[in-house]
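Here's the structure we're looking at; comments come further down.
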Amino acid sequence: MVNERLKQLRKERNLTQTDLGKVLGIVVSAYGRYELGTTEPDISNLIKLAKFYNVSIDYLVGLTDIREKTEFEKILEKLDPETQKHLVEIVKKLK
(Lines give C-alpha, C1' and ligand atoms only; values in the text may rest on other atoms or scores of the structure.)
Protein backbone atom coordinates (compact mmCIF):
# COMPACT_ATOMS: atom_id res chain seq x y z
CA MET A 1 0.00 0.00 0.00
CA VAL A 2 2.82 2.46 0.82
CA ASN A 3 4.12 2.20 -2.74
CA GLU A 4 0.71 3.14 -4.18
CA ARG A 5 0.27 6.07 -1.81
CA LEU A 6 3.75 7.42 -2.53
CA LYS A 7 3.18 7.26 -6.26
CA GLN A 8 -0.25 8.90 -5.95
CA LEU A 9 1.02 11.75 -3.77
CA ARG A 10 4.02 12.37 -6.04
CA LYS A 11 1.86 12.51 -9.16
CA GLU A 12 -0.71 14.79 -7.49
CA ARG A 13 2.09 17.32 -7.04
CA ASN A 14 3.66 16.78 -10.48
CA LEU A 15 6.98 15.69 -8.97
CA THR A 16 9.52 13.23 -10.33
CA GLN A 17 11.15 10.34 -8.53
CA THR A 18 14.36 12.35 -8.76
CA ASP A 19 12.66 15.17 -6.83
CA LEU A 20 11.70 12.76 -4.05
CA GLY A 21 15.16 11.20 -3.99
CA LYS A 22 16.54 14.68 -3.31
CA VAL A 23 13.98 15.30 -0.56
CA LEU A 24 15.04 12.07 1.17
CA GLY A 25 18.73 12.32 0.35
CA ILE A 26 18.74 9.00 -1.51
CA VAL A 27 19.44 7.98 -5.10
CA VAL A 28 16.50 7.93 -7.48
CA SER A 29 16.72 4.16 -7.93
CA ALA A 30 16.26 3.66 -4.17
CA TYR A 31 13.17 5.86 -4.23
CA GLY A 32 11.94 4.04 -7.33
CA ARG A 33 12.05 0.77 -5.39
CA TYR A 34 9.71 2.33 -2.80
CA GLU A 35 7.15 2.99 -5.52
CA LEU A 36 7.64 -0.45 -7.06
CA GLY A 37 7.08 -2.01 -3.66
CA THR A 38 10.32 -3.98 -3.67
CA THR A 39 11.55 -2.10 -0.60
CA GLU A 40 9.85 0.07 1.99
CA PRO A 41 11.06 3.31 3.53
CA ASP A 42 12.51 3.12 7.03
CA ILE A 43 10.88 5.10 9.82
CA SER A 44 13.08 8.16 9.24
CA ASN A 45 12.11 8.35 5.59
CA LEU A 46 8.45 7.68 6.39
CA ILE A 47 8.53 10.65 8.74
CA LYS A 48 10.25 12.81 6.11
CA LEU A 49 7.67 11.80 3.50
CA ALA A 50 4.73 12.37 5.84
CA LYS A 51 6.11 15.77 6.73
CA PHE A 52 6.84 16.65 3.10
CA TYR A 53 3.34 15.68 1.94
CA ASN A 54 1.68 16.86 5.17
CA VAL A 55 -0.08 13.53 5.68
CA SER A 56 -0.09 10.96 8.47
CA ILE A 57 2.18 7.95 8.48
CA ASP A 58 -0.96 5.85 8.96
CA TYR A 59 -2.17 7.22 5.63
CA LEU A 60 1.13 6.46 3.90
CA VAL A 61 1.14 2.82 5.02
CA GLY A 62 -2.54 2.27 4.30
CA LEU A 63 -3.91 2.00 7.84
CA THR A 64 -6.36 4.82 7.19
CA ASP A 65 -7.70 6.85 4.31
CA ILE A 66 -7.54 9.99 6.46
CA ARG A 67 -4.55 12.09 5.49
CA GLU A 68 -4.26 14.23 8.65
CA LYS A 69 -1.39 13.60 11.05
CA THR A 70 -1.95 12.16 14.51
CA GLU A 71 -0.75 14.04 17.59
CA PHE A 72 1.99 11.42 18.08
CA GLU A 73 3.27 12.03 14.55
CA LYS A 74 3.30 15.80 15.07
CA ILE A 75 5.50 15.29 18.13
CA LEU A 76 7.65 12.63 16.47
CA GLU A 77 8.56 14.74 13.46
CA LYS A 78 10.01 17.44 15.73
CA LEU A 79 12.59 15.02 17.16
CA ASP A 80 15.99 14.15 15.73
CA PRO A 81 16.14 10.89 13.70
CA GLU A 82 17.91 8.86 16.40
CA THR A 83 15.35 9.84 19.05
CA GLN A 84 12.56 9.08 16.57
CA LYS A 85 13.84 5.53 16.08
CA HIS A 86 14.27 5.01 19.81
CA LEU A 87 10.76 6.25 20.60
CA VAL A 88 9.21 4.09 17.86
CA GLU A 89 10.97 1.03 19.31
CA ILE A 90 9.64 1.82 22.79
CA VAL A 91 6.09 2.17 21.47
CA LYS A 92 6.41 -1.16 19.60
CA LYS A 93 7.42 -2.88 22.84
CA LEU A 94 4.38 -1.46 24.63
CA LYS A 95 1.96 -3.07 22.19
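Just a few scattered comments:
- Considering only Gly25, Gly62, Gly37, the Gaussian network model of the chain with Cα springs below 10 Å gives its largest mean-square fluctuation to Gly25.
- Length gained when the stretch Asp65-Met1 is fully extended (0.36 nm per residue, less Cα-Cα span): 21.9 nm
- The apolar share of the surface of the chain, taken as the fraction of accessible area on carbon and sulfur atoms (1.4 Å probe, ligands and nucleic acids excluded), comes to 55 percent.
- Axis angle, to the nearest 10 degrees, between helix 2-12 and the longest C-alpha principal axis of the chain: 60 degrees.
- The Cα atoms of region 1-51 give a gyration tensor whose axes a ≥ b ≥ c have a/c under 1.5, which makes the shape rounded.
- Degrees, to the nearest 10: 81-94 long Cα axis against longest axis of the chain: 60 degrees
- Rg [Å, one decimal], Dmax [Å, integer] - the chain, C-alpha atoms: 13.0, 40
- Dipole magnitude of the chain about its Cα centre (Cβ charges: Lys, Arg +1; Asp, Glu -1), debye to nearest 20: 100 debye
- Whole-Å distance, taken between Cα centres, linking region 61-95 and region 23-37: 21 Å
The values are calculated or read from the model by the stated rules, or taken from the named source; none is laboratory data. Since we're looking at a predicted model, the values are computed, not measured. Ideal geometry is used to build each Cβ from the backbone, glycine not excepted, and the neighbour counts take in all protein chains shown. SASA here: full protein model, heavy atoms, side chains in, ligands and nucleic acids out. Shrake-Rupley method; radii C 1.70, N 1.55, O 1.52, S 1.80 Å.
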